[in-house]
Each structure stands twice: as C-alpha cells, then as structure tokens.
1. What are the pairs with Cβ atoms under 7 angstrom where one residue, in the range 61-72, is in contact (Cβ under 8 Å) with a residue 60 or more places away in the chain and the other, located anywhere, is part of a strand (DSSP E or B) and surrounded by 12 or more Cβ atoms within 10 Å (Cβ to Cβ)? Sequence gap at least six, or different chains.
2. Do you know which residues across the range 109-150 are within 11 Å of Ala80 (Cα to Cα) and more than 18 Å from the chain's Cα centre (by Cα)?
3. Within the range 108-119, track down each residue that is under 30 Å from Pro72 (Cα atoms), touching a helix residue (DSSP H, G or I) at 6+ places or on another chain (Cβ under 8 Å) and at pLDDT below 95.
4. Taking the range 204-231, which residues are assigned to a helix (DSSP H, G or I) and without any contact (Cβ under 8 Å) to a residue 24 or more places away in the chain?
5. Could you look through the range 23-45, keep only residues that are touching a Lys or Arg at 6+ places or on another chain (Cβ under 9 Å) and in a strand (DSSP E or B), and pick out the one that is surrounded by the fewest Cβ atoms within 10 Å (Cβ to Cβ)?
6. Does the range 52-67 include one or more residues that are in contact with a Ser or Thr (Cβ under 8 Å, 6 or more places away or on another chain), outside any helix (DSSP H, G or I), within 29 Å of Asp182 (Cβ to Cβ) and of a type in the set (A, V, I, L, M)?
7. Could you tell me which numbered condition Pro84 fails, if it satisfies all but one of (1) over 26 Å from Gln9 (Cβ atoms); (2) surrounded by fewer than 19 Cβ atoms within 10 Å (Cβ to Cβ)?
8. Just the residues that are without any contact (Cβ under 8 Å) to a residue 60 or more places away in the chain, surrounded by fewer than 20 Cβ atoms within 10 Å (Cβ to Cβ) and in contact with a helix residue (DSSP H, G or I) (Cβ under 8 Å, 6 or more places away or on another chain), please, taken from the range 95-107.
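The values are calculated or read from the model by the stated rules, or taken from the named source; none is laboratory data. From a predicted model like this one, the values you see are computed outputs, not experimental measurements. All Cβ positions, even for glycine, are placed from backbone atoms using ideal geometry, and neighbour counts span all protein chains on display.
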Amino acid sequence: MAARFYCSQIGDETARLDDSESHHALHVMRLKVGDDLELFDGQGRVCHGNIADADRRQVSVAVSRIVDSARPNRPRLVVAAAPPRGDRLKSMVEKLTELGVDEFIPLRTVRSVVDPRQSRLEKLRSTVIGAMKQSGRNHLMQICEPCEFSVALRNATAAGQSVWIAHPGEAAGNAVETVQRDALLLIGPEGGFTNEEVLQATDYDAERLSWPEGILRIETASVLFAGLLLQRM
C-alpha cells in the first residue's frame, strides 16, 4: 500500500506537498523520485501518483488517477467535550478521527480545567491529519473554537440536531435504537456536569447516556459513546 499524505490543493495533473508533508515523505519515509504515493485533500478527493521531482524541502507529484470519495451516508456527529489534561486530549482526537466523527468542539463547562489556546488547536488539527493517514479516512474532522455549554445547546437546536449527554445516574439509559438526524454528543469534565447543566440539557430534550459499570474518563466516554451513536446512525 502506498504511503498517504495530506495535500490541500490537488490539481488534475500535478500536486505539491507543503513543507511538513514533504519533510515526512523525504526524511521520515525515505521516499524518492518515482515512488508511488497517495494524497488526500480532507474533502474527499484522493489522488494516486508518484514523485516527479524532489529537492531537500519540496515534493512534486505527478497525478495518475483521482477518485472522489463520498461522505458516509449517515447523519453527522458532533462531539463537544471538556478537554482532558495533557496528551489525553491528543489521544482522544486521534480516536474520534479514526471513528469518523465529523466535528469536535472543546466544551467550556462550570468545572472545566483546560481551555485550549489557538496554538493547541492548530496542533490538534495536525493530529487529525496524522490519524487520517493511519486510518484511511478521507474527510477531515473539523476542530472548532472552544464553545460555552449553553451556546453549544442553542446552536444544536438551531441546526436541528438531536442532543445526547453523557452523565451517570439511575435514570440514564443506553437504549439507542437509531439516530436519524445530525447529533451533538456532550461529554463533561473530570468533575462531571453540574446538576444545573444537566437540567439545562434536559430542557433542550437531551437524551442521557451512561456506562453501568463505573465512571469513565473524558477520553474513554468520548470514544465509547461516539462509537455507540455512529453505530446506530
């Protein structure tokens, strides 16, 4: 299988890798002129070709075939999660990308302890591209700006999305049969959502999800419940 690289601009005959992807091709993968590779633009366009020219910093690709990959025929899933500390956020974004989540929103809640800066968000976008290379996905998971809990609820309602909130408790259930429209999944911080936030979500007709055998960490809950909803879409 040819190595995969991200290229935002794929021409009909030629494409050029940016500095970062060129470095990866030449100095990590040790590719050279004539080697086959695969490019994806994150919007569904996939290019098959070979390296036509390369210097120390730039790779030019001769395009042999282009395939337009359609998005999965299902509703869109947006995950809004309070970011966990340290490298756990990067790992979570990798797994959500692999699953096929369409959009990730860093969620601000009453008990949030991490609020990613712009530089961190740019690194997360690079993490998405790396996960796409590994998983074979061709559509970028969008990394959005941080959003307040109440704003996320209002936006979901305005967009006609169903709302799901991960929160432990006896009243919570996981009898998810089918998800027939775009959905927003809310994942709380280490201390969980406050009672007021849960009530606010209920006012927006949010359905509750829980894991029956204990309290999950943020990244575990995000992956588990995103996978559950995607499976039912």
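1. From residues that are in contact (Cβ under 8 Å) with a residue 60 or more places away in the chain, the pairs are Ser69/Val46; Arg71/His139.
2. Thr109, Glu148, Phe149
3. Answer for the range 108-119, where residues must be under 30 Å from Pro72 (Cα atoms), touching a helix residue (DSSP H, G or I) at 6+ places or on another chain (Cβ under 8 Å) and at pLDDT below 95: just Pro116.
4. Thr220, Leu224, Gln231
5. If we take residues in the range 23-45 being touching a Lys or Arg at 6+ places or on another chain (Cβ under 9 Å) and in a strand (DSSP E or B), then Glu38 is surrounded by the fewest Cβ atoms within 10 Å (Cβ to Cβ).
6. There is no residue in the range 52-67 that is in contact with a Ser or Thr (Cβ under 8 Å, 6 or more places away or on another chain), outside any helix (DSSP H, G or I), within 29 Å of Asp182 (Cβ to Cβ) and of a type in the set (A, V, I, L, M).
7. (2)
8. Within the range 95-107, the subset without any contact (Cβ under 8 Å) to a residue 60 or more places away in the chain is 97-98, 102-106.
Filter again for surrounded by fewer than 20 Cβ atoms within 10 Å (Cβ to Cβ), leaving 98, 103.
Selection gives Glu98 alone.
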